[in-house]
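Accompanying notes for the structure given below.
The values are calculated or read from the model by the stated rules, or taken from the named source; none is laboratory data. All values reported here derive from a predicted model rather than from experimental measurement. Here the Cβ positions follow ideal geometry from the backbone for every residue, glycine too, while neighbour counts run over all protein chains shown.
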Amino acid sequence: MIRARTSGGRLVGERQDGVAVFKGIPFAAPPVGDLRWRPPRPAPGWDGERRAGTFGPAPLQPQPPRDSIMYHTNFADPRALVMSEDCLYLNVWTPDTGGGLPVMVWIHGGGNRYGHGGQEIHDGRAMARRGLVVVTLNHRLGALGFLAHPELAAEDPEGASGNYGLLDILAALTWVRENISAFGGDPDRVTLAGNSAGAAHVCHLMAAPAARPLFRAALGQSASGIGRAEGPLPEQGEAQKQGLRWAERFGDRDIAALRRIDGVELVLAGHFGPVVDGDFLTEPTDDVFATGRQHPVPLLVGTNSDEGSVYATLDALRTLPVEPGTDDHYPVRDSAEARRTARLFTGESRFTYPVWHWATAHQAKAVTWLYRFERTPPLPADLDLAPPRDGLPSYGVHHTAELPYALDTMDCRPWPWTPTDRELARTMADTWARFITTGDPNGDGLPPWPGFTGTEAMVFGDTVSAGQVDRIETLRHLARCPRPL
């Protein structure tokens with residue numbers, strides 16, 4: 001047993017593999033009943049000692065199909081998923097409660113629909129053993145996290161609606177600021193990190209004035225909040241119209257009536273994400289970065305080399321930024337080439353270009369590093385759910401393939417990992433830990449990583465070495481195209 005005193009009361013954690021672990025810590029009041037679709041309120045305190053040995057419930061969410069690659073690589077977990085609208089809990093791993101340690105606050109991915117801070121793939125023990133305090137957190141998802149609606153704006157003192165999920169992250173960061181010293185962390189050495197939708201949230205939080213005092217470095221894997229294929233975030237007026245159209249399917253646009261509907265029905269009924277709410281995000285994140293007004297913190301970002309493999313369909317060809325067959329960037333001379341191009345374009349337009357754009361927009365303000373992950377994880381044969389085609393592996397270096405390497409959590413997946421995989425995970429996690437500790441991924445005998453000025457990239461693959469951005473002319477071509485594509 002190990003104890004810590006927080007602003008809410010005393011906690012009793014556990015030791016696992018030499019690391020102190022505190023799970024299921026409430027950082028805000030349950031957002032239920034009349035608190036549904038309101039900014040998070042302070043968590044109530046408790047008397048005596050609270051056991052912190054179990055993760056809090058995950059946010060309400062649908063489940064990916066169990067026969068999908070994304071389920072097996074990101075959401076498969078031997079533990080039963082317990083979900084509740086009462087979900088605002090975080091978890092802490094620490095090697096030492098003595099004080100002064102750097103802190104990583106991790107935001108899970110899942111497209112604002114899926115995921116939670118208790119997923120095995122985000123377990124903090126390996127990073128904590130590298131001298132970090134690791135925090136993972138839940139935030140509201142889907143309609144419960146991001147619905148904009150005129151009645152919600154009328155209730156709000158600032159006239160804002162939507163972004164409740166982002167405000168949950170802000171509340172968690174505020175809790176970290178106030179309490180992380182009780183777990184050995186330094187509140188002035190917080191790095192905000194995440195993958196996929198979590199990385200996009202990191203980008204938005206860099207643009208949000210209220211969040212800037214709460215972290216001093218940023219790390220984003222495989223997504224961005226700017227340069228998005230779907231265009232900038234919707235403005236409040238348009239987002240509220242979308243919210244009204246969504247409410248019609250329940251037969252009543254009234255928020256009071258919607259607050260009486262079971263939350264499961266709401267999260268199954270549509271997909272939502274961040275908006276320009278007029279308060280937390282007062283303008284599009286793209287505009288903030290375009291004019292250099294974002295939080296000028298050290299930034300480490302990157303993508304995987306086959307991001308589009310999971311998502312690509314031939315429909316992607318309809319949005320090519322060239323006349324099909326007339327441009328070398330995305331050729332479609334035959335059906336096999338068309339399928340390869342659809343996969344390539346999906347990955348570049350949705351992931352690679354936005355992240356490169358994020359790095360490009362930020363490098364003039366603060367030191368920035370860009371990576372490319374190129375190692376194909378050894379999926380077991382029974383998980384290789386599609387046969388190779390068109391000369392390409394089934395899923396290759398797919399979206400989120402880097403996660404078990406970057407966080408050194410591959411033991412949570414019983415896959416046939418090789419010594420090369422484990423050495424890459426050691427190097428990658430050591431590099432991430434170095435960045436979180438110092439704001440620079442260089443040092444401690446790690447492979448030298450040049451700062452990004454537009455073309456430089458660190459390549460994490462069968463070997464690790466400095467290189468160049470792949471297909472840079474195509475990325476520049478995409479930069480000249482109107483968004484959305």
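Once the range 267-307 is narrowed to residues that are out of contact with any Phe, Trp or Tyr (no Cβ under 8 Å at 6 or more places or on another chain) and hydrophobic (A, V, I, L, M, F, W, C), the residue that is farthest from Ser161 (Cα to Cα) is Ala290. Checking each residue in the range 100-128 for being touching a helix residue (DSSP H, G or I) at 6+ places or on another chain (Cβ under 9 Å), of a type in the set (A, V, I, L, M, F, W, C) and closer than 15 Å to Asp430 by Cα picks out Val103, Met104, Ala126, Met127.
May I ask you to say which residue of Ala153, Ala247 is in contact with a Leu (Cβ under 8 Å, 6 or more places away or on another chain) and touching a residue at least 24 places away in the same chain (Cβ under 8 Å)?
Ala247
Scanning the range 211-244 for residues that are more than 17 Å from the chain's Cα centre (by Cα), touching a residue at least 40 places away in the same chain (Cβ under 8 Å) and part of a helix (DSSP H, G or I) gives Arg212, Leu214, Gln236, Ala239, Gln240, Gln242, Gly243, Leu244.
Of all residues in the range 370-424, how many are hydrophobic (A, V, I, L, M, F, W, C), modelled with pLDDT of 90 or more and under 24 Å from the mean Cα position of the chain (by Cα)?
The initial filter retains those residues of the range 370-424 that are hydrophobic (A, V, I, L, M, F, W, C), namely 370, 373, 379, 381, 383, 385-386, 392, 397, 401, 403, 406-407, 410, 412, 415, 417, 424.
Those left that are additionally modelled with pLDDT of 90 or more: 370, 373, 397, 401, 403, 406-407, 410, 412, 415, 417, 424.
Going one step further and asking which of them are under 24 Å from the mean Cα position of the chain (by Cα), we end up with 370, 373, 397, 401, 403, 406-407, 410, 412, 415, 424.
Qualifying residue count, the range 370-424: 11.
If only residues of the range 174-189 that are touching a helix residue (DSSP H, G or I) at 6+ places or on another chain (Cβ under 8 Å) and surrounded by 24 or more Cβ atoms within 10 Å (Cβ to Cβ) are counted, the one that is farthest from Gly45 (Cα to Cα) is Gly185. Restricting attention to the range 65-96 and to residues that are assigned to a loop (DSSP other than H, G, I, E, B) and touching a Lys or Arg at 6+ places or on another chain (Cβ under 9 Å), the residue that is nearest to Val19 (Cα to Cα) turns out to be Pro95. In the range 1-15, the qualifying residues are those that are loosely packed, with under 13 Cβ neighbours inside 10 Å and in contact (Cβ under 8 Å) with a residue 40 or more places away in the chain, and the one that is farthest from Arg51 (Cα to Cα) is Ser7. Residues in the range 411-425 that are free of Cβ contacts under 8 Å to residues at least 60 places away in the same chain, of a type outside the set (S, T, N, Q) and surrounded by 13 or more Cβ atoms within 10 Å (Cβ to Cβ): 8 in all. Inspect the range 452-467 for any residue being of a type in the set (D, E, K, R), out of contact with any helix residue (DSSP H, G or I) (no Cβ under 8 Å at 6 or more places or on another chain), assigned to a helix (DSSP H, G or I) and modelled with pLDDT of 95 or more and give the result as yes or no. There is no residue in the range 452-467 that is of a type in the set (D, E, K, R), out of contact with any helix residue (DSSP H, G or I) (no Cβ under 8 Å at 6 or more places or on another chain), assigned to a helix (DSSP H, G or I) and modelled with pLDDT of 95 or more. Cβ-Cβ contacts under 9 Å between residues 6 or more apart (or on different chains), taken from a first residue in the range 163-187 that is farther than 14 Å from His108 by Cα to a second residue that is basic (Lys, Arg) and buried (at least 24 other Cβ atoms within 10 Å of the Cβ), are listed as Tyr164/Arg140; Leu167/Arg140.
Per-residue answers, yes or no, for (1) out of contact with any Leu (no Cβ under 6 Å at 6 or more places or on another chain); (2) within 23 Å of His271 (Cβ to Cβ); (3) touching a residue at least 40 places away in the same chain (Cβ under 8 Å):
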position	(1), (2), (3)
Val19	yes, no, yes
Ala29	yes, no, yes
Trp37	no, yes, yes
Ala43	yes, no, yes
Gly53	yes, no, yes
Pro64	yes, yes, yes
Met70	yes, yes, yes
Tyr89	yes, no, yes
Gly111	yes, yes, yes
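Within the range 391-410, take every residue that is under 27 Å from Val190 (Cβ atoms) and either out of contact with any strand residue (DSSP E or B) (no Cβ under 7 Å at 6 or more places or on another chain) or without any contact (Cβ under 8 Å) to a residue 60 or more places away in the chain (or both) and give me the one that is surrounded by the most Cβ atoms within 10 Å (Cβ to Cβ). Ranking the candidates gives Leu407 first.
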